[in-house]
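Throughout, read-outs are computed from the coordinates displayed, never taken from laboratory work. The shown structure was predicted, so the numbers you read here are calculated from the model rather than taken from an experiment. Quick reminder, even Gly has a Cβ in these numbers, built from the backbone with ideal geometry, and neighbours come from all protein chains shown.
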Amino acid sequence: MVEESAFRGMIGFLNKLGVYDVILPFLLVFTIIFAILEKTKIFGIDKIDGKELPKKNINAMVAFVIAFLVIASTKLVGIINEVMANVVLLIILGVCFLLLVGVFFGDKEFTLEKFPTWSKLLMILMFIGIVVIFLNALGWLQTIFDLFNNINADWAASLVFIIIILGFILWITHTPEKKKE
């Protein structure tokens, strides 16, 4: 039998303390909510020495309360943990893709700025990946798959017919924009 390492024991100890299911989700939610409130200035601004600053005390208190409400729900914490783990995998996948593409450029610098179509495609794929991750974490992905598996031929044909009709209507009613000179 393999003996547990000191670092694995430390991770287990931190898990028992609640670092992974209380402290880290609390900090993540607090930070995101606080940043959004600071950026949007929903609760107003204070004028200090002629500078307009967001009301940090109110923003911090609201973010604090929301973060506590989130960690009070074990279901929400579980969803956050699952989503973040999968999003990190998606980020690693993107970095691996960029590494592979960079191999073909040799010593030249590679950025996606030179390839706007690829950049947009990768953003769309990452967005779809994040939506699928959230749907899976919420348990809705299996429900959607079950829904599609239970569709019979009549429903599928009707759906395709409606999509074709809507596409045809959009094509006929579309007016092309005039180019500016």
**Request:** For helix 116-138, report the angle its Cα long axis makes with the longest principal axis of the Cα atoms of the chain; keep it between 0 and 90° and round to the nearest 10°.
**Result:** 60 degrees
**Fill in**
In the list (1) 9, 40, 42, 9, 0; (2) 7, 16, 21, 25, 22, 7, 2, 0; (3) 8, 33, 33, 17, 7, 1, the entry giving P(r) over Cα pairs in 10 Å bins from 0, in percent computed from the coordinates is (2)
**Prompt:** What is the helix-to-structure angle for 24-40, meaning the angle in degrees between its Cα long axis and the longest Cα principal axis of the chain, kept from 0 to 90 and rounded to the nearest 10?
**Reply:** 60 degrees
**Asked** Which is the longest part of the chain that has none of the trypsin sites (Lys or Arg not before Pro) sitting in a DSSP loop with at most 15 other Cβ atoms within 10 Å?
**Response** 109-177
**Request:** Return the single residue from Trp140, Trp118, Trp155 with maximal mean-square fluctuation; model: Gaussian network over the chain, springs between Cα atoms under 10 Å.
**Result:** Trp155
**Prompt:** Using 0.36 nm per residue, how much length does the chain from Phe97 to Met84 gain when fully extended, once their Cα-Cα distance is taken away?
**Reply:** 2.7 nm
**Request:** Report, in deg cm²/dmol and to the nearest 500, the calculated mean residue ellipticity at 222 nm for the chain, where each DSSP H run with n ≥ 4 adds -39500 (n - 2.57) and the sum is divided by the residue count.
**Result:** -24500 deg cm²/dmol
**In degrees, nearest ten, helix 153-173 long axis to first principal axis of the chain (Cα)** = 80 degrees
**Asked** Of the residues Thr74, Thr143, Thr117, which exhibits the maximal mean-square fluctuation in a Gaussian network model of the chain defined by a 10 Å Cα contact cut-off?
**Response** Thr117
**Asked** Among the GluC sites (Glu not before Pro) within the range 62-115, which fall in a DSSP loop and have no more than 13 other Cβ atoms within 10 Å of their own Cβ?
**Response** Glu109
**Complete:** HN-Hα couplings for the range 44-58 via Karplus (6.51, -1.76, 1.60; θ = phi - 60°), in whole Hz with x for Gly/Pro, come out as x, 9, 10, 9, 10, 6, x, 9, 8, 10, x, 6, 4, 5, 5
